[in-house]
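Asks: Before we start, here is the structure in question, set down as C-alpha cells.
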Amino acid sequence: MSTAMNFSSKSFKPRPPDKGAFPLDHFGECSAFKERFMQCLRDSGYESGACRQHSMAYLQCRMERQLMANEPLEKLGFKDLIDEKPEAKPEK
C-alpha cells in the first residue's frame, strides 16, 4: 500500500471576510441603540423595514466608536433615508 493519503501537501489558507472582522461591543457603547432597534422590531412584528431609522442609528454608533469599518450609509442601503432628511432652512 504505497498510496497513503498525504494531507500535509495542501495547506488551507484562510481568507478574511469581504467586509473584515469587527470587534464586539464589550463595553455596551451602542447597547441603547441596539435596544431601541430590537424594541422596534418587537413592536412591528419583526418587520425590519419599519425599523430602518433605528438600524441606521445603530450602525452609525458602531462606526463612530470604531466597532466596525466606516462605510458610507448609502453603500449600506440607507440612501433613501438620507435623502429624506429635511434640510435645515434658515428662518426669516
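The values are calculated or read from the model by the stated rules, or taken from the named source; none is laboratory data. Bear in mind that the values here come from a model prediction, so they are computed numbers and not experimental data. Glycine also receives a Cβ, built like all others from the backbone with ideal geometry; neighbour counts cover every protein chain displayed. Side chains are part of the model used for accessible areas, which takes the heavy atoms of the whole protein and leaves out ligands, DNA and RNA. Shrake-Rupley method; radii C 1.70, N 1.55, O 1.52, S 1.80 Å.
Asks: Taking interchain pairs and intrachain pairs at least six residues apart, which have beta carbon atoms under 8 angstrom, with the first residue in the stretch 21-40 and without any contact (Cβ under 8 Å) to a residue 60 or more places away in the chain and closer than 13 Å to residue 57 by Cβ and the second open to solvent by less than 80 Å² (accessible area, probe 1.4 Å) and of a type in the set (Asp, Glu)?
Replies: 31/25; 34/25
Asks: Could I ask something else about it? Tally the residues that are open to solvent by less than 70 Å² (accessible area, probe 1.4 Å) and assigned to a helix (DSSP H, G or I), restricting the search to the stretch 28-47.
Replies: The qualifying residues number 7.
Asks: Next up: Which of the residues belonging to the stretch 13-43 are aromatic (Phe, Trp, Tyr) and at pLDDT 70 or above?
Replies: 27, 33, 37 - these are the residues of the stretch 13-43 that are aromatic (Phe, Trp, Tyr) and at pLDDT 70 or above.
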